[in-house]
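The values are calculated or read from the model by the stated rules, or taken from the named source; none is laboratory data. All values reported here derive from a predicted model rather than from experimental measurement. Neighbour counts are summed over all protein chains in view; Cβ atoms, including those assigned to glycine, are modelled from backbone coordinates with ideal geometry. We work out accessible area using only protein heavy atoms, side chains counted, and drop any ligands, DNA or RNA first. Shrake-Rupley method; radii C 1.70, N 1.55, O 1.52, S 1.80 Å.
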Amino acid sequence: MPVSRFIDGNAAAAYGVKLCRPDVVCAYPITPQTPIVEYIADFIARGEMASKYITIEGEHSAMMATVAAASTGVRTFTATSSQGLAYMQEGLFYAAGSRLPIVMAVVNRSMGPPWTILAGHDDAIAQRDTGWIQLYCGSGQEILDTVIQAYRVAEDERVLIPIMVCFEGFVTSHCYEQVIIPDQEEVDSFLPPYKPPYKLDVEDPMILTTFAPPIHWMGYKKKHDEAMEAARKVIAEAEAEYAERFGRSHGGLFQAYRCDDAEAVVLTMGSLASTTKVVINKLRELGFRLGLLKLKSFRPFPREELKQLLGNVKAVGVLERNYSVGGWGGAVFLELRSAFYKVADGPRILNFVAGMGGRDVTPLEIEAVAKKTLRAAQEGKGEREVEWLLGEIG
Amino acid sequence: MAHLTIEELPSEEYYMPGNALCAGCGESLAMRLALKILGWRTIVITVPGCMSAALIMGASAVPLLVGPFASGGALLSGVETALEAKGVKDVNVVAFIGDGGTADIGLQALSAVVERGHNVIYICLDNEAYMNTGGQRSGATPLRAATTTTPGGRLFRGKLQPKKNIPLIMADHEAPYVATASIGFALDYMEKVKKAAGIRGPKYIQVLCPCPVGWGYHESKTVELARLAVATRVWPLYEVEKGRLKITYEPRTPKPVREYLRAQRRFDHLTEEDLAELQKLVDEGWAELKLKARSAEE
C-alpha cells in the first residue's frame, strides 16, 4: 500500500531515489542539498536500500565517479546545488556527451558572489548547454514522482540523456508537505532494470569516450540533439503512463492551468507556480481572464507544444528566477520569444525577473505581474519588456 | 616471492602497436609491460596525456574509460564501486596517468581514492613534465630541469623547486602498497605490478618513463636513461608495504649523477656548481631513504 508521509522536498527526492534502486549513489554535501545525501546514507545504513555509496571528496569527482559507474553499466544517482553544480561542469559535458542516463537532483540556489545559500534557478540555467535534460519541480510530491519518471526517460533507448531534477533551495527542499510514497512493486513494474547498450566489460571490451575526428564530431552533437527532441515525446509518454498507474499527474513537459480561454498567461517554473495559481484563482473570481503555465521541461524546450498552446493568447508574462547579465532577459523569456519569432499574431511576451538569491516573491507582486501581462494583452504593448521585481529595497 | 623471469612473461599483448606515441616512448613500454601482467580481465582508466592519446586511438585491447584531467581517482572509484555492485570480483581496475595528472591537477582525487580504500591500482607514468602539451613543468619535474615553462636560461636556470614526492605522500596515506619503478628495470616493475594486483585496497606505483622529446636524448637511449636514473640513485627503486619501506634494487657502486644529467638536453644549462649541488642532494636523499629502510627492518 502506498503511504503518505509528512516530509520535506529533500526527503521526497531521497524516497524517490530509493524506490528506483540505483546500484551506485555518489554525492558530496552542499547546502541546501545535504539532507538528500544524509537520508540516502540512512536508508543504506538501515538496510532499506542496497546501493553502494561513494562518499566522494568534491563535486568534480562526484560527477566523474558517477560517470564512471554509469559507464560500467549500472544505475546511478547524485545530487548537488549551485557552486557544486558549477564545479562539476566539466563532468556534466562528459555525462551528456557519453549519453549516460544519470539522474541528479539539483537543489537550486543562486550563484555567489554576492554570497547566498538561498533559492534561484541561475545555477542550473547556467548549465543549459551541457546537454542535460532539465525538469523543474515545485513540490515534494512532484519531486518524488519526477525522480521515478526521470530514470524511465533517461534510460529509454530513444533518449539516453542524463537528467537534472531541479527544485528550489529551502522553499521546496526544506518545505514539509504530505507526500504519497508509492509501493516498491508498483515502481518496479513502471521502471524495469537498466539495460545499458554499451558498458565497460572485460567480456566485450570497448573504448568509451573515444576521440572523434572533425568529420564525425558534429554528427555526435546532432544525434544528441535528435535524442533531446525525441525526449519531448518520451517525457510526455512516461507522464501519461505514470498518471494512469499512480493516479497523479504533473503535466510532463508543462502544466497548463485555466489557459483555455485566457487572454493573458503567466508562465513560470518550480515553486512560484503554486503561488501564481492562488493569484490566478483570485483574479479569475474578479473577472480577469488569466491562466498559468507551469513550465517543467526547460531542456528539451517544448517550443512546438507551447506555440500551439499559447498561440491564441495575447500576452505571456514570463516570471523567472534567472537572468543572463548583458543579454536581455531570463533564459525562459528568450527561449519563448525565439519560439514565437515570425509567428503572425503571436503573444506579447514580457519578462519579470524575480526571486533570485532567495528573494521572496509575494502574491501581491505576482498579482501585479499578472495584471501588467493582462494590460499588455489588451493594449498590445507592455509597460516594460524586461522588469526586475526588486520591491522597495532593490 | 619468486622472481619473475623473462621466460615466464606472457606472450599476449594488450597494448597495441601502431598508436600515436613517439618512437622511444617510455610510457608505451610501461603500459605494455603492466598489461602483460594484468591480463585481459582488466579495465583501464586514463585522463588526458600522452597515454590517453595512444589508448583512445585503439592501443588498448582491454576496456578503456577516459575522463577529465583531474578525475583519475574518481574514475577508479566509480568503476570499482560499480563492479562491486554487480558482484564482479576478479577484474583489475587500473589507471595509467601521467605525472601532471597525478602530482598536480589530479592529486585531490588520487588522495581521496586511496583514503576511501578502493580496490584499485594507480600507475603514475612519470616522464617529469606535461609532455603531451609539449613539455611544461609539473610538480614532478625535478630540480633544475629545463621545461618550456622553466627554461634553462642565465636567470631562470630550469625548475627552481624539487620534485614533489608522491610515492611517500601515498605511503603516508597508509595505502597497502606503494612502489617506485623504472622501465629500465622491467622485471622489478612487473613484479611490483603483479604484487599490487594480489593485494586488496588502493595500490600506487610510480614508474619513471624517460621521454626522448622532453628530456632531449636520442630515442634509442630510453631504457639506458631509465637504468642510469636508478644507477645514479636519482630514482631509487623501493616499495612500501604496511608502512615498511624496502629498497628493491641497490646499485653497488653508484654512478655519478653527472653521467645521468649530462646525457639529457634538459640539463644542458647546468654549471659545475649545479652538478655538485644536485649530487649532494641525491646523496642526502639516498641516505634518508636508507634510514627509512633500516628503521623498517628493525
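Relative to the compact-globule scaling 2.2 N^0.38 Å, provide the ratio for the alpha-carbon radius of gyration of the range B:6-297.
Details: Rg = 18.1 Å, N = 292, 2.2 N^0.38 = 19.0 Å.
Dividing the Cα radius of gyration by 2.2 N^0.38 Å gives 0.95.
Tell me the label-point distance for the pair B:Y249, A:K221, using the 7 Å Cα-to-Cβ offset, in nm and rounded to one decimal.
4.9 nm
Given the pairs B:K163/B:K280; B:K36/B:K246; B:K36/B:K221; A:K18/B:K86; B:K194/B:K290, which are separated by over 20 angstrom at their Cα positions?
Values: B:K163/B:K280 15 Å; B:K36/B:K246 25 Å; B:K36/B:K221 23 Å; A:K18/B:K86 18 Å; B:K194/B:K290 25 Å.
Pairs exceeding 20 Å: B:K36/B:K246; B:K36/B:K221; B:K194/B:K290.
If you consider only alpha-carbon coordinates, what radius of gyration and Dmax does the range B:120-242 have, in Å?
In Å, with Rg to one decimal and Dmax whole: 15.1, 50.
Considering all alpha-carbon pairs of the range B:113-165, what whole percent are spaced by more than 17 angstrom?
On the way: 618 of 1378 pairs.
Taking all Cα-Cα pairs of the range B:113-165, the fraction more than 17 Å apart is 45 percent.
In whole percent, how big is the carbon plus sulfur part of the accessible area of chain B, probe 1.4 Å, protein atoms only?
On the way: 6700 of 12200 Å².
Reported share for carbon and sulfur atoms: 55 percent.
Using only Cα atoms, locate the centre of the range A:77-153 and the centre of the range B:1-45, then give the distance between them in Å, rounded to an integer.
Taking the Cα centre of the range B:1-45 as reference, the centre of the range A:77-153 is 41 Å away.
Which order do B:E13, B:E288 take by accessible area at a 1.4 Å probe, largest first? Working shown, then result.
Numbers: B:E13 65, B:E288 110 Å².
Of B:E13, B:E288, the descending order of accessible area is B:E288, B:E13.
How about the range B:88-111: which of its residues lose at least 20 Å² of accessible area in the presence of all protein chains relative to their chain isolated, using a 1.4 Å probe?
Residues of the range B:88-111 that lose at least 20 Å² of accessible area once the other chains are added: B:Q108.
Enumerate by residue number the trypsin sites (Lys or Arg not before Pro) in the range B:55-160 meeting two conditions: DSSP loop (anything except H, G, I, E, B), and at most 10 other Cβ atoms within 10 Å of the site's Cβ. Don't skip to the answer; put the middle values down first.
Numbers: sites: B:K86, B:K89, B:R116, B:R137, B:R144, B:R154, B:R157, B:K159; in loops: B:K89, B:R116, B:R137, B:R144, B:R154, B:R157, B:K159.
Counting only loop positions with at most 10 other Cβ atoms within 10 Å, the trypsin sites (Lys or Arg not before Pro) in the range B:55-160 are B:K89, B:R154.
Between A:E185 and A:D204, 0.36 nm times their residue separation minus their Cα-Cα distance comes to what?
3.6 nm
Based on DSSP H runs of at least 4 residues, each adding -39500 (n - 2.57), what is the mean residue ellipticity at 222 nm of the protein assembly as shown after dividing by all its residues, to the nearest 500 deg cm²/dmol?
Numbers: 22 runs with 261 residues, N = 692.
After summing the helix terms and dividing by the residues of the protein assembly as shown, the value is -11500 deg cm²/dmol.
Tell me, what is the per residue accessible area of chain A in Å², probe radius 1.4 Å? Write out the running numbers ahead of the final one.
On the way: 16080 Å² over 394 residues.
Each residue of chain A exposes 41 Å² on average to a 1.4 Å probe.
Stick to the Cα atoms of the range A:190-271, pair each with every other, and give me the Kirkwood hydrodynamic radius in Å at one decimal.
Values: mean 1/r = 0.0580 Å⁻¹.
One decimal place: 17.2 Å for the Kirkwood radius.
Take the alpha carbon gyration tensor of the range B:1-102, find the square roots of its eigenvalues, order them as a ≥ b ≥ c, and report rounded if a/c is under 1.5; if not, report prolate when a/b exceeds b/c, else oblate. Mind showing how you got there, number by number?
Numbers: a/c = 1.80, a/b = 1.09, b/c = 1.65.
The shape class here is oblate.
Give the carbon-plus-sulfur fraction of the accessible surface of chain A in %, rounded to a whole number; probe 1.4 Å, heavy atoms of protein chains only.
Details: 8680 of 16080 Å².
Its accessible area is 54 percent carbon and sulfur atoms.
When the chain is fully extended, how far beyond the present Cα-Cα distance does B:I199 get from B:L9, taking 0.36 nm per residue of separation?
Working: separation 190, 0.36 × 190 = 68.40 nm, distance 2.04 nm.
Between B:I199 and B:L9, full extension yields an extra 66.4 nm.
Return the percentage of antiparallel bridges among DSSP beta bridges fully within the range B:6-297, rounded to the nearest 5 %. Please report the intermediate quantities before stating the final value.
Details: 10 of 35 bridges.
Restricted to the range B:6-297, the bridges split so that about 30 percent are antiparallel.
Taking only protein heavy atoms into account and a 1.4 Å probe, give the accessible area per residue of the range B:1-87 in Å².
Values: 3050 Å² over 87 residues.
Heavy-atom SASA per residue in the range B:1-87 reads 35 Å².
Among A:E185, A:E320, A:E367, which one shows the highest mean-square fluctuation when chain A is modelled as a Gaussian network with alpha-carbon springs under 10 Å?
A:E185
Calculate, for B:V88 and A:F211, the FRET efficiency according to 1/(1 + (r/R0)^6) with r their C-beta to C-beta distance and R0 30 Å; round to the nearest 0.05. Walk me through the numbers on the way to the answer.
Working: r = 27 Å, r/R0 = 0.91.
Once the sixth-power term is evaluated, E becomes 0.65.
Based on the Cβ-Cβ distance from B:L155 to B:H218, what FRET efficiency comes out when R0 is 35 Å, to the nearest 0.05? Could you put the intermediate results ahead of the total?
Details: r = 29 Å, r/R0 = 0.84.
So, using R0 = 35 Å, E works out to roughly 0.75.
Would you mind giving the total buried accessible surface between chains A and B, with a 1.4 Å probe and ligands, DNA and RNA left out, rounded to the nearest 100 Å²?
Numbers: alone 17380 and 13520 Å², together 28280 Å².
So the total buried area for this chain pair works out to about 2600 Å².
Taking only the alpha-carbon positions of the range A:3-159 and ignoring solvent, what does the Debye formula give for the base-10 log of I(q)/I(0) at q = 0.08, 0.17, 0.19 Å⁻¹?
-0.20, -0.97, -1.24
So which aspartates and glutamates can B:K159 reach, going by Cα to Cα under 18 Å and dropping same-chain residues fewer than 8 places off?
Qualifying aspartates and glutamates at Cα under 18 Å: B:D99, B:D104, B:D126, B:E128, B:D268, B:E272, B:E273, B:D274, B:E277.
Of the candidates A:G138, A:G380, A:G270, which one comes out as most mobile in a Gaussian network treatment of chain A with C-alpha springs shorter than 10 Å?
In the Gaussian network model the winner is A:G380.
Just the accessible area per residue of the range B:139-298, please: how many Å² with a 1.4 Å probe?
Details: 7660 Å² over 160 residues.
Value returned for the range B:139-298: 48 Å² of accessible area per residue.
Convex hull over the alpha-carbon atoms of the protein assembly as shown: what's its volume per residue in Å³?
Details: hull volume 126.2 nm³, N = 692.
Cα convex hull per residue, to the nearest whole number: 182 Å³.
Using Cα centres only, tell me the gap between the range B:205-268 and the range B:49-111 in whole Å.
Result: 25 Å between the Cα centres.
Angle, helix A:9-19 long axis vs. longest principal axis of chain A, Cα atoms, 0 to 90°, nearest 10?
Between helix and principal axis, roughly 40 degrees.
What number results when the radius of gyration of the range A:255-388, computed over Cα atoms, is divided by 2.2 N^0.38 Å? List each step's numbers first, then the result.
Numbers: Rg = 13.3 Å, N = 134, 2.2 N^0.38 = 14.1 Å.
Relative to the 2.2 N^0.38 Å estimate, the range A:255-388 comes out at 0.94.
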